[in-house]
Structures are given as structure tokens and as C-alpha cells.
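Notes for the one structure printed next.
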Amino acid sequence: MSTDFDAIVVGAGSVGLACGYALARQGHSVAVLERERRVGAGISSRNSEVIHAGLHYPPGSLKARFCVAGRRLLYDFLDRHNVAYNKCGKLIVATQDSELAALDALAARGEANGVEGVTRLDAAQALALEPALRTVGALHSAESGVFDAHGYMDALVGEIEAHAGAVVLNSPFLGATPSADQVEVRIGGDDPSTVTTRRLILSGGLQAQDMAGLVQGFPTERIPALHLGKGSYFALTGHAPFQRLIYPPPIPGALGIHYRRDLGGQARFGPDLEFVDAPDYVVDPARVRFFEAYVRRFWPGLPDGALTPDYAGIRPKLHGPGEPRPDFVIDDTTQPGVIALFGIESPGLTGSLAIGEHVAGLARL
């Protein structure tokens, strides 16, 4: 049976666009739907823009596989499309002897994941790289960096359109009805319509669970619970103290408040992790005391009053407070013709091109 599209992707963030790119490159007719009036208006616009090397994720997990493969694909893509980045490297620092075991565990995990360029440093070696640090030892990850996430997404849009695909803005997903050989998709916006597709890919980020609930016949028990993990950022007034990314050992549920210098030279710290009941993008100025105490563990020279509230993001977590972090969920078996992506948080941005290739393979078009 003929359909309007081979594939429709819902969600024009970094992962949804990467899925559209991978499918369009294979010669399929693709439309990427976005309810907002610009791409990357959700999770993809409120993050650290960090390129992760792949140290932090359990060997064999989707997060580890996609992070390592995606990071390699990403640097090549950024080079080919002249998107700005800085492979500045990352130091994961222990500030007391009790944290050194965590560095050993991360180094072993990185080796198991096939991460290149990881070096163990003693305190003197770490201080030779970043003299303002307080540390008793560190891991140096040479493949980590920062990049222009919006420039990356714009390049993905250009590639999709160059391969005869379409990115359709102001087009909210209203629901879908799968049948034996196609999926009927209802689209809202200024010009509501109903179209058909062979495959429907739901890449909704914070809306992924709601989207799955709008697919007729998608069983609710197969939709994982969504937990909203708010992360706030504070900007530094004054000179950036470090050239590299600075990370503490991971905290329960997240990687911990880290330092980065963006491509414009602005230094920022964040995100923290605060579970909330509804999306809230206001940075509470009172959290500065917590940030100051945390940052001074690895940068004792932080001046009083130098941190100012910057921005916040919400992460679509599949775990609540005190629960272990699960893997990404990519469900291609529950509903014929539908691939649903749940809990795509960090390292989803780094791994986006690898996720896109994986989804294109699952689509079996």
C-alpha cells in the first residue's frame, strides 16, 4: 500500500533530527514534525553542549554504545559542516583520597567501553594542566569537548532537506492509528492534516510518554514512568579559571555539577539535580550557596558573589530520587510500525547520530 511518507519522526531536537537525517540518507521519504516554531526548543536548547567521551556509562549499555560511537560520528560531522567545537578535554577530579577509587572505576569503565585518550594523573600532573584546581588525582579525557549544539541542529536540518526530506515546524502531533501496513498520523497547527507513513518514530523528549499515549493501542504498561530532573546553571562573573572541562566524580542520579567554558569564553557551573513535579525553568538564586560550596571543593579560589543565576533545563529521567539510573529505552516491538524513544537524556546529544543510525536500522524500510 502506498503511503505519504516512508517515515515520520515526531520531535525536532537533536535526536529526532538525527533520526530523520539517517533515514533520509538511506533514500527514504521523511518528515520531521515539531510543535514549536523552531528546532531544538526543548531539551536540546537547555544543556551543557558537552561532547562526552563515554566514561560514565555501564559497559554494554545503549548509553555507552551510543556515546562512544556517536562522539566519533559527531566530530566528523562537525568538521564536514564547519560547526564550531573545542576538543578541550576533560579532567575528572578527586578532591579527597576517598574519591580516588571512583576514578579507578571510571578508568576501568572507559577501557571496557573502548574510550580513547584516557590518562590517569596524580595531583602534580593535574595541577600542571590546571593550576587553580584543588585535587589529589584526576582522569584526563582527551576526547571530551564542547560544541555549538544549535549550529549542529541547523546542519542536520540542512542535510534532511538536501536529501528531499522535510522539517515541519508548528506541527504538533495529535495522535496516530497503526494498522497492518501503515500508520495514520494526525497533525495539528495552522494547517491540520492527516497523513500516512510506514514508520512512526516518537522522539519527544519530555513529551515522549504523552506521545506514546496518543498512539491507539499502545499499552500503558509499556510506557515507562517519567520523572522530571531539573538542572540549574550559574554563570561566573570574571575570567574563566580553567581551559578544560572540570568534573567531580559522579553523584547519585547524575554526573554532578561541573565546570565548562563555552565557545564564547563564558564560564558556567551546573547542572545540579532537583526532582520537580512540573517543568520549571526558573533558577532559584538561593541555590547559589549550595553551588559555591560544591564548586569550592575543586576550585577554592571562587570569589564571593561571582556566581549569578543563568538558566535551567529539565531532563526526562526514567528514575526517581534514590533509584538507580536505567538505560535508554528504545521500543520497536510494542506497536507495529512505531518506534518510541523514552528517557533520552545525557549522553543523548553526544550520541544522537549513533541513535539515529540505530533507529534507522530498526525501521527496516
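The values are calculated or read from the model by the stated rules, or taken from the named source; none is laboratory data. This one's a predicted model, so the numbers in the text were calculated from it and none came from an experiment. Note that we place each Cβ from the backbone using ideal geometry, even for glycine, and neighbour counts take in every protein chain shown.
Looking at region 205-225, which of its residues are part of a loop (DSSP other than H, G, I, E, B) and in contact with a helix residue (DSSP H, G or I) (Cβ under 9 Å, 6 or more places away or on another chain)?
Kept after step one, since they are part of a loop (DSSP other than H, G, I, E, B), are these residues of region 205-225: 214, 216-219, 223-225.
Phe218, Ile223, Pro224, Ala225, listed by residue number.
In region 226-236, what residues are touching a helix residue (DSSP H, G or I) at 6+ places or on another chain (Cβ under 8 Å) and closer than 20 Å to Asp277 by Cα? Listed by number, the residues that qualify are Leu226, Leu228, Ser232. When Ile160, Ile201 are checked against the criterion of being under 22 Å from Leu78 (Cβ atoms) and touching a helix residue (DSSP H, G or I) at 6+ places or on another chain (Cβ under 8 Å), a single residue qualifies: Ile160. Considering Leu202, Leu236, Leu245, the condition of being touching a residue at least 60 places away in the same chain (Cβ under 8 Å), under 30 Å from Leu362 (Cα atoms), crowded, with 17+ Cβ neighbours inside 10 Å and of a type in the set (A, V, I, L, M, F, W, C) is satisfied by Leu202 alone. Here Lys63 meets each of (1) buried (at least 19 other Cβ atoms within 10 Å of the Cβ); (2) more than 25 Å from Ala142 (Cα to Cα); (3) among the basic types (Lys, Arg) with one exception, condition (2).
Using the structure shown, decide if Leu353 is touching a residue at least 12 places away in the same chain (Cβ under 8 Å) and in contact with an Asp or Glu (Cβ under 7 Å, 6 or more places away or on another chain). Here the answer is no, as Leu353 does not meet what is asked.
Among residues belonging to region 26-49 that are among the small types (Gly, Ala, Ser) and crowded, with 20+ Cβ neighbours inside 10 Å, point out the one that is nearest to Leu349 (Cα to Cα). Full working, then the answer.
Restricting attention to region 26-49, the residues satisfying the condition of being among the small types (Gly, Ala, Ser) are 27, 29, 31, 40-42, 44-45, 48.
Next, from what is left, pick out any that are crowded, with 20+ Cβ neighbours inside 10 Å: 31, 40, 42, 44, 48.
Numbers: Ala31: 21, Gly40: 11, Gly42: 12, Ser44: 7, Ser48: 10 Å.
This residue is Ser44.
Taking the criterion of being more than 18 Å from Glu130 (Cα to Cα), buried (at least 19 other Cβ atoms within 10 Å of the Cβ) and not aromatic (Phe, Trp, Tyr), no residue of region 289-305 qualifies. In the set (1) more than 27 Å from Val329 (Cβ to Cβ); (2) modelled with pLDDT of 95 or more; (3) not small (Gly, Ala, Ser), the condition left unmet by Glu99 is number (2). If you take the residues in region 170-191 that are at pLDDT 95 or above and surrounded by fewer than 17 Cβ atoms within 10 Å (Cβ to Cβ), which one is farthest from the chain's Cα centre (by Cα)? The qualifying residue farthest from the chain's Cα centre (by Cα) is Thr177.
Ala84 - would you say it is among the hydrophobic types (A, V, I, L, M, F, W, C), surrounded by fewer than 18 Cβ atoms within 10 Å (Cβ to Cβ) and outside the structural domain of Arg260 (by TED's automatic domain parsing)? Spelling it out, Ala84 is indeed among the hydrophobic types (A, V, I, L, M, F, W, C), surrounded by fewer than 18 Cβ atoms within 10 Å (Cβ to Cβ) and outside the structural domain of Arg260 (by TED's automatic domain parsing).
Hey, His52 hits all of (1) surrounded by fewer than 19 Cβ atoms within 10 Å (Cβ to Cβ); (2) in contact with a Cys (Cβ under 8 Å, 6 or more places away or on another chain) but one; which does it fall short on? Against the list (1) surrounded by fewer than 19 Cβ atoms within 10 Å (Cβ to Cβ); (2) in contact with a Cys (Cβ under 8 Å, 6 or more places away or on another chain), His52 comes up short only on (1).
Residue by residue through region 13-65, note down the ones that are free of Cβ contacts under 8 Å to residues at least 60 places away in the same chain and part of a loop (DSSP other than H, G, I, E, B). Before the answer, list the steps.
Of region 13-65, the ones free of Cβ contacts under 8 Å to residues at least 60 places away in the same chain are 41, 59-60, 64.
Within region 13-65, Ala41, Pro59, Gly60 meet the criteria.
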